[in-house]
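The values are calculated or read from the model by the stated rules, or taken from the named source; none is laboratory data. Note that the coordinates shown come from a computational prediction; the quantities given were computed from them, not determined experimentally. Don't worry about glycine lacking a Cβ; one is built from the backbone with ideal geometry, like all the others, and counts go over all protein chains shown. For the accessible areas, the whole protein counts, side chains as well, though only heavy atoms, and no ligand, DNA or RNA atoms are used. Shrake-Rupley method; radii C 1.70, N 1.55, O 1.52, S 1.80 Å.
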Amino acid sequence: MTPGVEPVVIAGMAVEAPGGIETPEDYFTALADGVELIEPFPRDRDWPVDQVLALGNLDGWGSVPDAGGFLRGAAEFDPLFFGISPREAVAMDPQQRVAMRVAWRALENAGINPASLGDEEVGVYMGASIAEYGPRAAAVNEYSGHRIAGTALGAVAGRISHSLGLIGPSMTVDTACASSLTALHLAAAAIRSGDCEWALAGGVCVMGSPAAFVEFAKNNGLATDGHLRSYSASATGTLWGEGAGVVIVEPEGRARRLGHRVLGTVLATRVNHNGRGAPIVVPSASAQQRLVERTIAAAGICPADVDVIEGHGTGTPLGDPMELEALQNTYGASRPADDPVLLGSVKSNAGHAQAAAGIMGLIKILLCGANGETVPSLFADDPTDKLDWDRGALRLATERREWIPRGTHRYAAVSSFGVSGTNAHAIIGMPVPNSADTEGAHV
């Protein structure tokens, strides 16, 4: 952290995950118990499911498994609660609807009355990416006139600000799969610079069409068996998922003054790009390593203090080894072999939530810190042979175990890497529970 600058802390959170999960408590229980939240394609979204599942019959195309991490409640929304007409609600990208209700729950989780925030300088930073939803905006139908905001990517954050009456910065961030961690980075920077007093930060992904599955089938990049095996020797590709998460970030002094829980301190966040060279969709181990090194330096802690890493872990034979190399050269190289740093990815449970991937991993880490436990990463008993594991102390998290703190805190890192070449990394320090800071944080 920068000397003389007040720390930024996380004081509340909310999450929606596949498998019908709508609370942090249920999210942690599923992860701690090693539950895989993958389900068949939804049949109530008017998707051409049979056509998508048959893509593997085309010459040169990979097969599409009938599997993914889907939000069961993606279509559920109470528009009148948020002052929106039913017709306007139907014309809204479901990502806007899900983001609004998760933001509301995050405020309640922090002990803040969402209805009391009118005309406050509060920022909203949400990661999201364009999703194909509804007819083309140029089509003339009963929803014309509502589509101008209903299809606007910026309205993911804008709807939250508008419904709560917030007048601080409001922006939707699209750095592909790095979007939600980039949103956290921008929110923390805005608070430190005085751009806003406090903020909501997070991300959302609801697929309006199966386009992501189609694209990766053409590139033979999907998990053929319907399981996302992060960092595993048996990984065959990624598996798309959905999710949403929001955290409340504010200066530490404000949190203490108002009696808010401190779930974690944002010690440092950094964002970079791969640069040119390889194709834009190809990750860069050297860029990821530079990013991690810069974040560690900014956090002001020893890399050996970081006990847990929530990685990107998309399950692709190209991406995972590159990420592992960067983590081994930084965190793994700083630890003795008998005291390894544990690595996992929530994608192994719930699929790749794309723009929401980083926030889903961050909330997992916050819950692990609050409960004093690490949780298993699925399929970790078969680590990839593309990394020399004996060269450092990086190890996959294979079981639920006690997380021994280092003094008064537990330290963890979270990574997200976008298909457009943007990389994001965060280091979080979580106070040991059983104190006034974290009272009520147990799940």
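Solvent-accessible surface of protein heavy atoms, probed at 1.4 angstrom with all chains present, puts Ile38, Ile21 in the order Ile38, Ile21, largest first.
When the surface is traced with a 1.4 Å probe over the full set of protein chains, Asp46 keeps roughly 150 Å² accessible. Centre-to-centre separation between the Cα atoms of region 168-245 and those of region 252-324: 14 Å. The slack in the chain from Asp78 to Thr224, taken as 0.36 nm per residue of separation less the alpha-carbon distance, amounts to 48.8 nm. Here the accessible area is traced with a 1.4 Å probe on the protein chains. For the chain, carbon and sulfur cover 52 percent of it.
With K and R counted +1 and D and E -1, the other residues having a Cβ less than 10 Å from that of Leu324 yield a net charge of -3. Counting only aspartates and glutamates at least 8 places from Lys218 when in the same chain, those with an alpha carbon closer than 18 Å to its own are Asp50, Asp59, Asp66. Close amide H pairs (under 5 Å, H built 1.01 Å from N) link Val9 with Glu250, Glu252, Val266, residues at least 5 positions away or on another chain.
Solvent-accessible surface of region 309-443, averaged per residue with a 1.4 angstrom probe and all protein chains in place: 32 square angstrom.
Put simply, the amide H of Val124, placed in the peptide plane, has neighbours under 5 Å in Ser170, Met171, Leu200, leaving out anything fewer than 5 places away on its chain. As a calculated quantity, the FRET efficiency between Asp50 and His273 at R0 = 41 Å, using C-beta atoms, amounts to about 0.55.
Only helices enter the 222 nm calculation for the chain: every DSSP H run of n ≥ 4 contributes -39,500 (n - 2.57), and dividing by all residues gives -8000 deg cm²/dmol, rounded to 500. For region 41-47, putting each phi into the Karplus relation 6.51 cos²θ - 1.76 cosθ + 1.60 with θ = phi - 60° gives couplings of 3, x, 9, 10, 10, 6, 8 Hz, in residue order, rounded to whole numbers and with x for Gly and Pro.
In summary, the helical segments of the chain meeting the span-like criteria, namely a full DSSP H run, a Cα extent along the axis of 20 angstrom or more and a mean Kyte-Doolittle hydropathy of at least -0.5, are 179-193, 285-299, 357-371.
Near the amide H of Glu373, within less than 5 Å, lie the amide hydrogens of Trp403, all on another chain or at least 5 residues away, with H placed in the peptide plane. With 0.36 nm allotted per residue and the present C-alpha distance subtracted, the Arg43-Glu132 stretch has 30.4 nm of extension available. Accessible surface calculations at 1.4 Å, restricted to protein heavy atoms, place region 220-272 at 27 Å² per residue.
Counted residue by residue at 0.36 nm each, then reduced by the alpha carbon distance between them, the extension gain from Val281 to Asp26 reaches 88.4 nm. Students often get this wrong, so try it: which of (1) 23.4, 84; (2) 20.6, 65; (3) 21.4, 74 is Rg and Dmax of the Cα atoms in Å as calculated from the structure shown? Matching the structure shown: (2).
Placing Arg254, Arg72, Arg45 in order of accessible area, with the largest value first and a 1.4 Å probe, yields Arg72, Arg45, Arg254.
Can you say what percent of the DSSP beta bridges in the chain, counting only those with both residues inside, are antiparallel? Round to 5. Antiparallel: roughly 60 percent of the beta bridges in the chain.
Taking a straight Cα-Cα cut-off under 17 Å and skipping sequence neighbours fewer than 8 places away in the same chain, the aspartates and glutamates within cross-link reach of Lys364 are Glu16, Glu22, Glu25, Asp26, Asp33, Glu36, Glu242, Asp307, Glu310, Glu373, Glu399, Glu402. Of all aspartates and glutamates in the structure, those lying under 15 Å Cα to Cα from Lys386, and not within fewer than 8 positions of it along the same chain, are Asp320, Glu323, Glu325.
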